[in-house]
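The block underneath contains the structure these notes are about, expressed in C-alpha cells.
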Amino acid sequence: MKEITLNEKNIFDGKIIRVHVDDVELQDGTKSFREVVEHSGGVCVAALDENKELFFVRQYRYPFKRELLELPAGKLEKGEIPLEAGLRELEEECGLRADRVIDMGTIYPTVAYCSEIIYLFAATGLHSVIQHLDEGEFISVEKIPLEKAAKMVIDGEISDAKTVTLILKLDKMLKEGLL
C-alpha cells in the first residue's frame, strides 16, 4: 500500500514541530489530503538501580493542565544520536550516569498524523552526578520499584505512552530472563 504526495503546504514552523497539509493520491487513484505534524523524535530511559527501582520525573504538562509521572525523556536535537540523547537526558533530569545501556526498541506514539519516533533504552549500573535541568524545566525525581510501577500502569496511575510501553516491556523482559 502506498500514497503519493502531490503537493505539500507548510502551515507552521515552530521550535518543536512543523505542520504541513499534503494533497495525496490514494492507491485507487482518488485524491485526499493528510495533515502531518513533523517532530524530530525523542528518547525515553528506564534507569533501573540494583534494587529494581526505577527513577521517574514528575513534571507539569501544559496540554493536560496537570503533573504527570514519567520516565526520564526528551527531544532529539537535530542530528543527535538517540543513545547520546538518552544519556544526556538521564544526566540532565535525574543526575545519573549508567555503566550499561540496553536498546529497548522504538515506538511510534501517534501514527495517524505525527512523524515522531521515540527511542527506548534501559540503563543499569547507575552513578550519581550533578543534575542539569534545562532553563524553565521544573521536575522532581522519584524512585519506584519496577513491580509497583507496572501495577501503577495497569491501574491507570501512569498514562504517558512512552513510560507505559517501556515499563511493561522492561518488566516482561526481566521476568522472562531476557535481560
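Rule-based calculations on the coordinates, nothing more; no lab input. Predicted model, so just to flag it, every value in this text is computed and none were measured. Heads up, the Cβs are rebuilt from the backbone with ideal geometry, glycines too, and the neighbour counts pull from every protein chain shown.
Numerical summary
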quantity: Qualifying position, being over 19 Å from Cys114 (Cα atoms) and either surrounded by fewer than 16 Cβ atoms within 10 Å (Cβ to Cβ) or of a type in the set (Lys, Arg) (or both), among Arg18, Arg58; calculated: Arg58
quantity: Residue in the stretch 88-98 that is under 14 Å from the mean Cα position of the chain (by Cα) and of a type in the set (Gly, Ala, Ser) present; calculated: no
quantity: Failed item in (1) among the charged types (D, E, K, R); (2) farther than 16 Å from Phe138 by Cα; (3) touching a strand residue (DSSP E or B) at 6+ places or on another chain (Cβ under 6 Å), with Glu67 passing the rest; calculated: (2)
quantity: In the stretch 122-179, residue surrounded by the most Cβ atoms within 10 Å (Cβ to Cβ) [restricted to those that are among the β-branched types (Val, Ile, Thr) and more than 19 Å from Leu69 (Cβ to Cβ)]; calculated: Thr124
quantity: Breaking point among (1) in contact with a Phe, Trp or Tyr (Cβ under 6 Å, 6 or more places away or on another chain); (2) over 18 Å from Met104 (Cβ atoms), for Val24; calculated: (1)
quantity: Val19 vs. criteria outside any loop (DSSP other than H, G, I, E, B), touching a Phe, Trp or Tyr at 6+ places or on another chain (Cβ under 9 Å) and under 29 Å from Glu89 (Cα atoms); calculated: yes
